[in-house]
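Participant: Dumping the structure here so I can ask a few things about it.
The values are calculated or read from the model by the stated rules, or taken from the named source; none is laboratory data. All of these numbers come straight from a predicted model, not from anything done at the bench. Note that we place each Cβ from the backbone using ideal geometry, even for glycine, and neighbour counts take in every protein chain shown.
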Amino acid sequence: MNDQGIPVPANGFRVVAVDADWPESRQFMGSGHNQVTDDIHVFLWFGSASYDSQAEHVRVFSASSGNAEAGEALEDALEDYCHPGEGLPAGLPVSEPITITADGKPVTFELWRNGGNPYWVARGRVENTEVVLSGSEIEPSQLRLVCVDDLAAYSAPMMLLPAREAISVAMGSDLQAAGPDRQSQVEKTDAAVRALRDIAVRGAALGGPSRELHGEEADSLMRAMRYLAQGAGPAGASGTES
């Protein structure tokens with residue numbers, strides 16, 4: 001456990017986020033967890049619920065120490081934010097140091113800008129977590145970052161809820177303490193996603209997407225789609241927000 005008594009996984013990974021004073025929506029965009037190597041990465045979005053990149057926003061990528069995904073995320077962010085449509089020049093562009101507060105402590109990040117372009121990209125390390133930030137319409141030095149171990153407060157479409165909860169568990173979050181409603185929602189979503197995957201696999205094996213569904217299989221598909229559609233809007237309506 002850390003100084004606050006919060007359980008920390010063996011590799012020390014915790015998701016980095018913008019602190020609770022952020023006025024816009026807070027959304028879980030995706031993640032990955034390799035159970036063989038224990039590499040973990042998480043994407044969070046802080047901005048408009050419609051993912052409007054023209055408005056003030058910050059995208060936060062967190063990766064476990066040594067995770068190759070961090071380097072790929074940095075290159076993708078530089079190409080998307082600082083050199084859109086141009087491709088990266090050979091090697092990384094020249095960066096400048098910038099100080100950002102993380103868990104109340106100053107942390108030095110590398111910062112990239114491109115002339116008058118309002119977008120920026122920054123890379124740093126918060127304890128054992130590799131962090132790539134990208135954003136617009138807010139100065140990165142004004143950000144206050146925090147480490148979190150439970151992602152329940154971050155909105156997500158139904159189909160991403162199992163991944164969101166799995167990452168929380170990997171960081172030591174206890175779903176049993178979160179109450180039966182949250183556990184039930186996760187279990188139902190996971191079952192619906194599994195049902196859709198099973199039907200897709202059988203469809204590919206037995207005749208491809210044009211194959212007609214009948215009987216119990218068709219009923220299962222309709223139930224799964226209805227359940228997922230309840231929260232599949234752009235803002236992840238069924239997820240909780242802070």
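Participant: Please list, ordered by first then second residue, the pairs with beta carbon atoms under 7 Å, 6 or more apart or interchain, first in the range 26-48 and of a type in the set (S, T, Y), second at pLDDT 95 or above.
Facilitator: From residues that are of a type in the set (S, T, Y), the pairs are S31/H41; S31/V42; S31/F43.
Participant: Here are some conditions: (1) under 19 Å from E139 (Cβ atoms); (2) modelled with pLDDT under 90. F46 meets all but one. Which one does it not meet?
Facilitator: With respect to (1) under 19 Å from E139 (Cβ atoms); (2) modelled with pLDDT under 90, F46 is out only on (2).
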